[in-house]
Structures are given as structure tokens and as C-alpha cells.
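The structure appears below as C-alpha cells.
The values are calculated or read from the model by the stated rules, or taken from the named source; none is laboratory data. This one's a predicted model, so the numbers in the text were calculated from it and none came from an experiment. Note that we place each Cβ from the backbone using ideal geometry, even for glycine, and neighbour counts take in every protein chain shown.
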Amino acid sequence: MTLALHVCRACDEVIEDPADAVLVAHELGNSGPGWDIYAHREHVDDVELIDPDLLRIMLRIWAAHRPAAQ
Ligand SMILES: [Zn+2]
């Protein structure tokens, strides 16, 4: 059985220990099913995900929860 190795999005190193790989996001491909994004467990906080759709949704949620400016 072949074990697929993941590459850390934060440091671009191969994550050799599967137990150390954390799934941080799923990116949609332009012409395919997309791919999963992994990071070392200790690098999860360093991963910068640029997802315009998610950002737009979050901004909408934050705006809705913020008290209206007087
Ligand atoms: Zn890493």
C-alpha cells in the first residue's frame, strides 16, 4: 500500500509522520476535484489561507455581529 505524503503549507517540507499531518483546508481545483492542504501539527497556526469566498463569508458574519455605529 502506498502512503501519500503531504507537504506542509507553512514550511513546504514533506510531513513524514502521518500522525503529524493536520488537514487545514480543502482547496477547489479549477479543473479537478481539488486537493487537501496539510500542515505540520506545530505549523498549523502559521498557515495563511487565502480563500476569498471564506473571507467574504466571515466578513459578512463579523459585520452582522458588530453593533451598529452610531
Ligand atoms: Zn511545517
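Just name the residue that is surrounded by the fewest Cβ atoms within 10 Å (Cβ to Cβ) out of those in region 25-68 that are among the aliphatic types (A, V, I, L, M) and within 16 Å of the ligand (Cβ to nearest atom). Quick ask: steps written out before the conclusion?
First, the residues of region 25-68 that are among the aliphatic types (A, V, I, L, M): 25, 28, 37, 39, 44, 47, 49-50, 54-55, 57-59, 61, 63-64, 68.
Going one step further and asking which of them are within 16 Å of the ligand (Cβ to nearest atom), we end up with 25, 37, 39, 44, 47, 49.
Working: ALA25: 15, ILE37: 17, ALA39: 24, VAL44: 15, VAL47: 17, LEU49: 12.
By that ranking, first place goes to LEU49.
Quick one: count up the residues across region 1-13 that are under 19 Å from ASP46 (Cα atoms) and surrounded by fewer than 10 Cβ atoms within 10 Å (Cβ to Cβ). If you could, list the steps in order and put the result at the bottom.
Of the residues in region 1-13, the ones under 19 Å from ASP46 (Cα atoms) are 6-13.
Then drop every residue that is not surrounded by fewer than 10 Cβ atoms within 10 Å (Cβ to Cβ), which leaves 12.
Residues in region 1-13 being under 19 Å from ASP46 (Cα atoms) and surrounded by fewer than 10 Cβ atoms within 10 Å (Cβ to Cβ): 1 in total.
Output the residues belonging to region 1-13 that are more than 9 Å from the ligand (Cβ to nearest atom) and either touching a helix residue (DSSP H, G or I) at 6+ places or on another chain (Cβ under 8 Å) or at pLDDT 90 or above (or both).
First, the residues of region 1-13 that are more than 9 Å from the ligand (Cβ to nearest atom): 1-6.
Passing the criteria: LEU3, HIS6.
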